[in-house]
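The values are calculated or read from the model by the stated rules, or taken from the named source; none is laboratory data. The shown structure was predicted, so the numbers you read here are calculated from the model rather than taken from an experiment. FYI the Cβ positions are ideal-geometry reconstructions off the backbone, even for glycines, and counts take in every protein chain you see. Just the protein is used for accessible areas: all its heavy atoms, side chains included, with ligands, DNA and RNA removed. Shrake-Rupley method; radii C 1.70, N 1.55, O 1.52, S 1.80 Å.
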Amino acid sequence: MKLLRRTVGGTSLVALLAAGIVAAQPVSANDKLVELAKSNENWVTTGRDYSETNYSPMTQINKENVKQLRTAWSFSTGVLHGHEGTPLVVDGVMYIHSPFPNKTFAIALDDPGKILWQHSPKQDPTARSVACCDVVNRGLAYWPGDDEVGPLILKTQLDGHIVALDAKTGAERWKMENSDIKVGSTLTIAPYVIKDAVLVGSSGAELGVRGYVTSYDVKTGAQNWRAYATGPDEEIRLADDFNVANPHYGQKGLGLSTWEGDAWKIGGGTNWGWYAFDPGTNLFYYGSGNPAPWNETMRPGDNKWTMTIWGRDADTGMAKFGYQKTPHDEWDYAGVNVMMLTEQKDKDGKVRKLLTHPDRNGIVYTLDRTNGDLISANKLDDTVNWVKEVQLASGLPVRDPEFATRMDHKGRDICPSAMGYHNQGHDSYDPERQLFYMGINHICMDWEPFMLPYRAGQFFVGATLWMYPGPKGDRQNYLGLGQVKAYNAISGEYKWEVMEKFAAWGGTMATAGGVVFYGTLDGFIKARDADTGELLWKFKLPSGVIGHPMTYEHKGIQYVAINYGVGGWPGVGLVFDLKDPTAGLGAVGAFKELANYTQMGGGTMVFSLDGKSPYTEDINVGEYQPNKS
């Protein structure tokens with residue numbers, strides 16, 4: 001991919017190199033970011049800290065008083081369409097993002113009525129036409145700065161650019177083209193800061209884009225390295241000891257040999273979901289997505305390394321392990337879902353560094369994140385039917401041929417649907433209760449493939465889909481499309497589960513107060529008892545939710561915040577006024593009732609006990625002060 005534009009605070013990179021600025025010894029900001037994450041006053045990554053567990057130790061809001069939550073303040077982004085992800089809070093400032101046109105706002109928590117700065121980029125509007133599944137964006141990243149460069153906010157734009165902004169002023173420091181929208185590659189992912197680098201993935205597998213993850217120097221935007229999902233080993237960046245602990249996962253040469261001819265060049269495997277990082281192993285973790293096209297007949301082979309959980313060295317990008325969950329995917333079970341890092345005792349009582357990943361294919365995987373060992377692989381719901389089980393020894397799924405897809409055949413009642421039993425939601429883990437809280441879809445489908453040629457920049461799917469509620473839902477009225485579950489990854493048991501009208505798309509947040517928060521597509525933020533799942537509180541928001549909640553403390557008050565703004569894949573029928581049930585890759589039919597419950601909007605709502613806010617603590621905050629002179 002060409003690096004078309006690169007400027008650093010208005011100064012060319014060449015000039016900076018000449019001045020010796022870039023060559024100056026970097027001061028790692030990692031420790032600073034880790035320390036910031038320990039404070040209840042900050043929420044510095046999309047999942048609060050590098051473990052990405054969306055868990056807060058705060059207890060001011062708890063299961064006994066959560067019913068006293070009231071609105072503290074709100075903010076409209078002025079943008080419609082789906083608002084995924086969650087705001088960041090650092091040092092008394094909230095940073096809010098929006099879907100296309102990808103506005104960014106800095107809000108002072110002392111006086112949320114005043115916008116400190118806003119960034120409204122001008123973008124090529126044709127990016128909208130190649131974006132799969134609405135024009136969403138999943139969030140921002142924060143780099144805390146060092147002796148040379150002040151703190152930065154990193155953002156992605158739908159037109160394929162990654163941008164670094166001065167966190168104090170919003171001024172652009174540098175801007176890089178990461179993805180070429182001419183071939184259908186966009187950016188919806190939240191960037192991810194590790195040390196003095198920022199990671200960014202890519203979108204566009206539905207248009208035959210070959211996926212990759214790229215590391216950029218956070219100060220200059222210079223590319224450190226890029227690792228692809230398919231192709232030659234050196235371009236995938238496989239370490240010499242790749243999968244040495246689990247050679248049965250596959251090792252060298254498979255990025256080419258598991259594809260027919262040059263199909264790997266248009267074979268997908270993009271990563272637009274979430275990252276996690278373990279400073280102890282120095283590995284970061286993420287999932288590569290579906291192969292392209294969806295029609296499996298057009299790409300025989302295992303199609304490595306799409307659908308893979310990766311563990312890569314954060315400095316070099318070299319892969320230590322890769323575990324492909326769904327070889328030769330037949331259902332668009334893109335495996336980009338959240339990675340949550342924990343340390344728990346396994347069934348033998350041994351404390352292990354674990355990675356838990358609820359996958360779109362309906363299986364929740366737990367791996368030893370030091371070497372990729374598969375610890376458990378359990379169904380997210382007993383209605384998953386494409387697979388009978390996952391064999392832990394081999395890591396391979398045992399498929400049920402009744403629910404396979406192939407040419408000249410219409411597969412029926414396949415569970416989960418292409419939307420997965422888990423999609424882009426960012427979920428949570430409570431270390432005290434040793435429970436994961438997961439927002440889960442309950443959607444099945446019929447699938448009929450067709451052949452089509454590849455044309456750059458055009459959709460390259462090759463399947464028609466009909467979607468509807470799973471067996472536990474109401475198929476007559478198209479309700480019962482989601483669930484929320486509490487899961488123990490060691491025992492494999494679900495402590496509780498509840499059904500929702502629509503998919504619990506955005507994910508959950510857990511707190512030490514014993515409360516689990518999440519938003520719903522029909523526009524509620526809800527709080528449930530972490531031990532029982534009992535509904536304790538809810539509030540109707542201006543629009544549906546596809547993001548996840550966060551919490552922070554400011555001047556002694558605990559707040560809970562959540563983005564609202566219906567859209568994303570489940571909302572494409574509503575936001576684009578589509579009626580054909582097979583439109584939106586099948587989502588329009590599944591969510592045809594959604595428009596009867598909510599409409600478009602976009603913003604952030606913030607809650608506290610009794611609605612306490614800077615304005616209730618001092619009613620004069622934000623008031624106009626006349627010049628008395």
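A few comments on the model shown:
- Most to least packed among 475-482, 574-581, 587-594 [average Cβ atoms within 10 Å]: 587-594, 475-482, 574-581
- Region 257-300 and region 359-408: distance between their alpha carbon centers, rounded to Å: 17
- Between the listed residues Tyr421, Leu238, Pro293, the Cα displaced farthest toward the positive end of the dipole of the chain, a dipole computed from Cβ unit charges relative to the Cα centre, is found at Pro293.
- For the set Lys495, Lys472, Lys103, the ranking by accessible area, highest first and with no ligand, DNA or RNA atoms included, is Lys495, Lys472, Lys103 under a 1.4 Å probe.
- Per-residue HN-Hα couplings for region 389-400 [Karplus 6.51, -1.76, 1.60; θ = phi - 60°; Hz; x = Gly/Pro]: 6, 10, 7, 5, 5, 9, x, 8, x, 9, 7, 9
- Of Lys345/Lys540; Lys265/Lys325; Lys353/Lys495, those spanning more than 29 Å from alpha-carbon to alpha-carbon: Lys345/Lys540
- When you restrict to C-alpha pairs under 8 Å that are six or more residues apart and normalise by the size of region 471-629, the relative contact order lands at 16 percent.
- Computed 3J(HN,Hα) for region 334-342, one whole-Hz value per residue from the Karplus formula 6.51 cos²θ - 1.76 cosθ + 1.60 where θ = phi - 60°, is 3, x, 8, 5, 4, 10, 10, 9, 9, glycine and proline marked x.
- Residue order for Leu374, Leu380, Leu256 - accessible surface, 1.4 angstrom probe, largest first: Leu256, Leu374, Leu380
- Cβ crowding within 10 Å averaged over residues, with 153-160, 536-543 ranked highest first: 153-160, 536-543
- Probe 1.4 Å, all protein chains present, accessible-area order of Thr551, Thr464, largest first: Thr464, Thr551
- About the centre of its Cα atoms, region 470-576 shows a dipole size close to 200 debye [charges on the beta carbon of Lys, Arg (+1) and Asp, Glu (-1) only; nearest 20 debye].
- For the pair region 507-584 and region 468-500, the centres of their Cα atoms are 16 angstrom apart.
- Gyration tensor verdict on region 197-271 (Cα atoms; rounded if a/c is under 1.5, prolate if a/b is larger than b/c, oblate otherwise): oblate
- Residues of type lysines that Lys219 reaches as a straight line, Cα spacing below 23 Å, ignoring anything fewer than 8 places off in the same chain: Lys2, Lys32, Lys103, Lys122, Lys155, Lys168, Lys175, Lys195
- Per residue value of the accessible surface for the chain (all protein chains in place, 1.4 Å probe), Å²: 34
- Note on the chain: dipole from Cβ charges, positive end direction compared against Pro542, Leu256, Asn65; the farthest Cα belongs to Pro542.
- Inter-part distance where region 52-70 and region 169-236 are each reduced to a Cα centre, Å: 36
- Karplus-based coupling profile of region 486-494, in residue order and whole Hz: 10, 10, 9, 6, 7, 7, x, 9, 9, with θ = phi - 60° in 6.51 cos²θ - 1.76 cosθ + 1.60 and x standing for Gly or Pro.
- Gyration tensor verdict on the chain (Cα atoms; rounded if a/c is under 1.5, prolate if a/b is larger than b/c, oblate otherwise): rounded
- When +1 charges are put on Lys and Arg Cβ atoms and -1 charges on Asp and Glu Cβ atoms, the dipole computed for region 434-511 relative to its Cα centre reaches about 100 debye.
- When +1 charges are put on Lys and Arg Cβ atoms and -1 charges on Asp and Glu Cβ atoms, the dipole computed for the chain relative to its Cα centre reaches about 760 debye.
- Ranking Val461, Trp174, Gly113 by how far each Cα lies toward the positive end of the dipole of the chain (charges on Cβ) leaves Gly113 at the top.
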